[in-house]
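Working notes, beginning with the structure itself.
The values are calculated or read from the model by the stated rules, or taken from the named source; none is laboratory data. Keep in mind it's a predicted model, so treat the numbers as computed, not measured. Using ideal geometry, Cβ is built from the backbone for each residue, glycine included, and neighbour counts are taken over all protein chains shown. Quick note on the areas: whole protein, heavy atoms, side chains included, nothing else; ligands and nucleic acids left out. Shrake-Rupley method; radii C 1.70, N 1.55, O 1.52, S 1.80 Å.
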Amino acid sequence: MVTTLRRQFTTFLAEHRTGILCLSEPAASSWAMPVRYVNRDLTVVCLLPRWSEIAFRLECSHMVTLIVPSSDNSNEHWLSCFGAARLGMMSEWHALWACPGITHAMTDLYEVIEIAPKRLDLFDQRLGWGHRTNLDCEQETTA
């Protein structure tokens, strides 16, 4: 059962490339930003512009939620990935950014974060209001 769920979540992540990254800081201020991402199994790697100050924000709170809407425009199913984020390696940016005309060094403009999920939820209202499938990953995910 767990293997089937992992495959379902990994497939959903692989079929999409954008989401909304959300962070709730301890001081009760919330923050959200659209991001591009790629996944390695259940680990998610996101590209963020430096002006988003994600490095500073992760010092305040490293727990994030990535919401990935379905690409079929039905707004009836989406994935939620809750986990710990950390600054990642820039080796991932080629898969995240399809803009060959950039003349600046990518590290001057962008930062990469990696999310190690603790919990994944797949909401699917096509199967009934509030229907969700979840996977707790704390003991399964390797970052």
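Quick notes
- Subset of the stretch 39-61 [more than 12 Å from I115 (Cα to Cα), among the hydrophobic types (A, V, I, L, M, F, W, C) and in contact (Cβ under 8 Å) with a residue 60 or more places away in the chain]: L48
- Of all the listed residues (I67, I102, I115), the sole one being at pLDDT below 85 and of a type in the set (A, V, I, L, M) is I102.
- Residue list for the stretch 26-38, restricted to those being open to solvent by 30 Å² or more (accessible area, probe 1.4 Å) and without any contact (Cβ under 8 Å) to a residue 60 or more places away in the chain: P26, A27, A28, S29, S30, W31, A32, P34
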